[in-house]
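Below is one structure, written out as structure tokens; comments come after it.
The values are calculated or read from the model by the stated rules, or taken from the named source; none is laboratory data. None of the values given here were measured: they were computed from a predicted structure. Reconstructed Cβ throughout: ideal geometry from the backbone, glycine too, with neighbour counts over all protein chains shown.
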């Protein structure tokens, strides 16, 4: 049976950074802020209000979902690329799964199943979806045991993909070195 995302998660929008940084008059702190280029999530230090509400900080078990195109999701866990206590801006939805594995949910949100649904919601030149659109996404949710099995398999596949990308990069560097050498370079 399909369920909408708002039935299996609490969904909120991140903080307005201008409100908590540029326009903020009180005491600030240097803290990591979440950013995303295409599908790569990363952090960068920013001066943010010292008393920013903790609901805007990443927490273990959260899924962070980029609202602009191309949409992408990442789960926050102890082995992830994004740590806890990173400021999430209003460019992202903060999804707190209820009885759903966060890595499984992130993979669902990154799938063509979600993308096909999102295409119906996207509007304007900058394809951005709203919180209400995210809430309407529908998925089949298997048992938690099945989710964990899927996640283990997906993790292995993701490791293989990363190794293949590294191999491609190394081969491209080798090719460039051969071309350089053919032209008298070192």
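Points to keep in mind about this one:
- Test: residue in the range 148-171 that is surrounded by fewer than 11 Cβ atoms within 10 Å (Cβ to Cβ), in a helix (DSSP H, G or I), assigned by TED's automatic domain parsing to the domain that holds residue 40 and under 21 Å from the mean Cα position of the chain (by Cα): no
- The residues on offer are 96, 91, 136, 175, and the sole one that is farther than 19 Å from residue 39 by Cα and under 16 Å from the mean Cα position of the chain (by Cα) is 96.
- All of (1) in a strand (DSSP E or B); (2) under 19 Å from the mean Cα position of the chain (by Cα); (3) over 26 Å from residue 154 (Cβ atoms) hold for residue 42 with one exception: (3).
- For residue 105, the criteria (1) buried (at least 16 other Cβ atoms within 10 Å of the Cβ); (2) part of a loop (DSSP other than H, G, I, E, B) hold in every case but one, which is (2).
- Single unsatisfied condition, residue 100 versus (1) touching a residue at least 40 places away in the same chain (Cβ under 8 Å); (2) in a loop (DSSP other than H, G, I, E, B); (3) farther than 18 Å from residue 10 by Cβ: (3)
- If you go through the range 61-83 and keep only what is surrounded by fewer than 19 Cβ atoms within 10 Å (Cβ to Cβ) and under 13 Å from the mean Cα position of the chain (by Cα), you end up with 61, 68, 69, 70, 77, 80, 81, 83.
- Residue in the range 18-28 that is surrounded by 12 or more Cβ atoms within 10 Å (Cβ to Cβ) and in contact with a helix residue (DSSP H, G or I) (Cβ under 7 Å, 6 or more places away or on another chain) present: no
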